[in-house]
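S.K.: Before anything else, here's the structure in question.
Values quoted throughout were computed directly from the atomic coordinates according to the rules given, and no laboratory measurement underlies them. Worth saying up front: this structure is predicted, and the values here are computed from it rather than measured. All Cβ positions, even for glycine, are placed from backbone atoms using ideal geometry, and neighbour counts span all protein chains on display.
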Amino acid sequence: MICVIGGAGYIGSHCVKRLLERGYNVVTLDNLEAGHLAAVVGGEFIQGDYTDRWSLDGLFSSYPIECVMHFAAYASVAESMTDPARFYRLNVVGGYVLLEAMRAHRIPYLIFSSSAATYGEPRQVPIAEDHPQEPTNAYGETKRAFEQMLRWYDVAFGLRSISLRYFNAAGADPDGQLGEDHHPETHLIPLVLLTALGKRAVIKIFGTDYDTPDGTAIRDYIHVTDLADAHILAYEALKRGAPTTAYNLGNGLGYSVREVIRTAEQVVGRSIPQEEAPRRAGDPARLVASAERARRELGWQPQYADLRTIIETAWRWHSTHPDGYADRV
Ligand code: UFG
């Protein structure tokens with residue numbers, strides 16, 4: 001059985017769905033602070049906090065869990081700069097509580113949601129896994145810290161893990177059942193589409209003076225269902241004896257903010273109000289993955305790689321769920 005921590009969140013919920021489709025037994029643990037009950041499409045669900053050892057002991061003694069997929073974390077870069085303590089408490093101290101509970105209950109495998117934010121300002125693109133990890137924000141630092149803990153928990157205690165460094169997670173369940181619903185929303189693609197729906201007045205383009213062809217920042221957008229598939233492949237690799245390691249997950253394709261808005265306009269069939277704004281602090285000009293190792297070693301093949309497909313799936317979700325899961329006031 002697989003335990004998905006943070007399985008009611010954006011990426012976790014897509015992963016639960018994919019695991020169930022593949023016939024795995026799943027138990028989700030989520031405190032619903034940011035997650036949505038309606039996003040958990042099946043399996044067992046327990047509402048609880050993964051930083052609470054008592055909850056974890058109850059969960060781990062009630063189900064025959066072989067692997068934990070850990071998605072639960074704070075992820076707002078801006079907030080991590082004003083309140084790093086909150087990020088250390090959940091992402092690092094919480095991670096320690098989880099690892100200790102896994103050790104006590106002899107759960108052998110963990111898949112961890114890491115981030116391109118662990119690399120910081122890239123020295124070159126595309127970024128491969130051996131690029132130095134020098135995060136420029138507290139969020140990325142907490143992700144790096146937990147990756148390091150995982151390394152030493154393998155050396156000392158034999159807990160094997162794979163850290164997956166996502167680039168820009170985007171898109172929605174191709175069936176239209178699940179999608180992105182953050183409060184507040186800060187990510188580009190949902191904000192562009194909410195603007196197309198009239199839920200926002202205008203999309204601001206943060207920075208038009210970057211050293212890129214059109215002056216706006218370039219990112220590697222990767223479909224959330226492709227991320228989910230990589231988790232399952234990583235788990236299967238651990239079962240076959242793969243060592244503790246980390247993989248980048250991206251398409252190796254960079255799109256600028258203007259290209260994203262233009263593609264969204266094509267998908268929705270109308271122009272989207274936009275305005276140029278200053279750079280957002282801490283944003284690198286260009287983040288593009290080399291995910292060759294994940295393709296080669298895990299056999300990962302993204303199915304929804306092109307930007308138009310990613311935006312079409314996101315549009316399907318937002319246009320049919322303009323208030324998301326509609327469970328927040
Ligand atoms: N952007 C805008 N206008 C907006 C929002 C975003 O122009 O209203 C731009 C950003 O400046 C950036 C690009 O769109 O250049 C993408 O921004 P996102 O906020 O969607 O995502 P980030 O690239 O900031 O993602 C980062 C890291 C991830 C990390 C994530 C956490 O790259 O690794 O923040 O939320 F996981």
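S.K.: Residue by residue through the range 170-179, which ³J(HN,Hα) values in whole Hz follow from phi under the Karplus form 6.51 cos²θ - 1.76 cosθ + 1.60 (θ = phi - 60°), with glycine and proline marked x?
M.R.: Values, residue by residue: 7, x, 8, 3, x, 6, x, 7, 10, x Hz.
S.K.: Sticking with this structure for a sec: Rounded to the nearest 20 Debye, what is the dipole magnitude of the range 188-299 about its Cα centre when Lys and Arg each give +1 and Asp and Glu each give -1 at the C-beta?
M.R.: Charge dipole of the range 188-299: 260 debye, to the nearest 20.
S.K.: Considering only DSSP beta bridges with both partners in the chain, what is the antiparallel share in %, to the nearest 5?
M.R.: 5
S.K.: Relative contact order, percent, of the range 1-155 when contacts are C-alpha pairs under 8 Å separated by at least 6 residues?
M.R.: 21
S.K.: Between Arg103 and Met81, take the C-beta separation as r, use R0 = 30 Å, and let me know the FRET efficiency to the nearest 0.05.
M.R.: With a Förster radius of 30 Å, E is 0.40.
S.K.: If the label point is 7 Å along Cα→Cβ of Glu297, which residues in the range 157-174 have backbone nitrogen under 18 Å from it?
M.R.: Within reach of a label on Glu297: 158-167.
S.K.: Based on the Cα coordinates of the range 13-141, what is the per residue volume of their convex hull in Å³?
M.R.: Dividing the Cα hull volume of the range 13-141 by its residues yields 132 Å³.
S.K.: Also, quick follow-up: Obtain the nm distance between the two label points defined at Leu32 and Asp130 by a simple spin-label model: each point lies 7 Å from its Cα along the Cα-to-C-beta direction.
M.R.: 4.8
S.K.: Lys/Arg Cβ at +1, Asp/Glu Cβ at -1, dipole of the range 236-276 taken about the Cα centre: which of Pro243, Thr263, Pro273 is farthest positive-ward?
M.R.: After comparing all options, I get Pro243.
S.K.: Rounded, prolate or oblate, given the Cα gyration tensor of the range 241-314, with a/c below 1.5 counting as rounded?
M.R.: Oblate, because a/c is 1.5 or more while a/b does not exceed b/c.
S.K.: Provide the descending list of Cα extents for the chain along its principal axes, expressed in whole angstroms.
M.R.: The Cα atoms of the chain stretch 55, 41, 38 Å along the principal axes, largest first.
S.K.: Report, in degrees rounded to the nearest 10, the 0 to 90 angle that the Cα long axis of helix 10-21 makes with the longest principal axis of the chain.
M.R.: 60
S.K.: Could you grab the Rg to Rh ratio for the range 199-279? Cα atoms only, Kirkwood for Rh.
M.R.: So for the range 199-279, dividing Rg by the Kirkwood Rh gives 1.15.
S.K.: Compute, for the chain, the length of the dipole vector about the Cα centre, with Cβ point charges of +1 (Lys, Arg) and -1 (Asp, Glu) only. Units Debye, rounded to 20.
M.R.: My answer is approximately 360 debye.
S.K.: If you count, for each residue, the other Cβ atoms within 10 Å and average over each peptide, how do 11-18, 122-129, 152-159 line up from highest to lowest?
M.R.: 11-18, 122-129, 152-159
S.K.: Spelling out what I want: for every residue of the range 273-280, take phi, set θ = phi - 60°, compute 6.51 cos²θ - 1.76 cosθ + 1.60 (Karplus), and round to whole Hz; glycine and proline get x.
M.R.: Karplus-based 3J(HN,Hα) across the range 273-280 equals x, 9, 8, 7, 9, x, 4, 8 Hz.
S.K.: Using only Cα atoms and rounding to the nearest 10 degrees, what angle (0 to 90) does helix 94-104 make with the longest principal axis of the chain?
M.R.: Taking Cα atoms only, the helix is inclined about 30 degrees.
S.K.: Moving on. Taking the Cα-to-Cβ direction at Arg328 and at Glu259 and moving 7 Å from each Cα, how far apart do the two end points lie in nm?
M.R.: 2.9
S.K.: Applying the Karplus parametrisation 6.51 cos²θ - 1.76 cosθ + 1.60 with θ = phi - 60° to the phi angles of the range 216-232, what ³J(HN,Hα) value in whole Hz is obtained for each residue in order, glycine and proline being reported as x?
M.R.: My calculation for the range 216-232 gives 10, 6, 10, 10, 9, 8, 10, 5, 4, 6, 5, 4, 4, 4, 5, 4, 5 Hz in order.
S.K.: Still on this model: Hey, for a label at Glu236 modelled as a point 7 Å past Cα toward Cβ, could you say which residues of the range 91-129 have their backbone N under 17 Å away?
M.R.: Counting backbone N atoms under 17 Å from the label point, the list is 111.
S.K.: Under the rule a/c < 1.5 gives rounded, and otherwise a/b versus b/c splits prolate from oblate, where does the range 65-192 land using the Cα gyration tensor?
M.R.: Prolate, since a/c reaches 1.5 and a/b exceeds b/c.
S.K.: Please list the non-local residues whose amide H lies under 5 Å from the amide H of Glu276, H modeled 1.01 Å from N, same-chain partners needing a gap of 5 or more.
M.R.: Ile205
S.K.: Same structure again: Mind listing the long-range amide H neighbours of Arg286? Cut-off is under 5 Å, sequence gap 5 or more, other chains count too, H placed in the peptide plane at 1.01 Å from N.
M.R.: Ile218
S.K.: Shifting gears a bit: For Phe45, list long-range residues whose amide hydrogen, built 1.01 Å from N in the peptide plane, is under 5 Å from its own amide hydrogen.
M.R.: Amide H neighbours of Phe45: Thr28.
S.K.: How tilted is helix 53-62 with respect to the longest principal axis of the chain? Cα atoms for both, answer in degrees (0 to 90, nearest 10).
M.R.: With both axes taken from Cα atoms, the answer is about 70 degrees.
S.K.: State the answer as a single residue: which of Ile189, Ile232, Tyr221 lies farthest towards the positive end of the charge dipole of the range 181-329, with beta carbon charges of +1 for Lys and Arg and -1 for Asp and Glu, about the Cα centre.
M.R.: So the residue we want is Ile232.
S.K.: So if we plug the beta-carbon distance of Glu21 and Asp209 into 1/(1 + (r/R0)^6) with R0 = 41 Å, what FRET efficiency do we get, rounded to 0.05?
M.R.: Taking R0 as 41 Å, the efficiency between Glu21 and Asp209 is 0.35.
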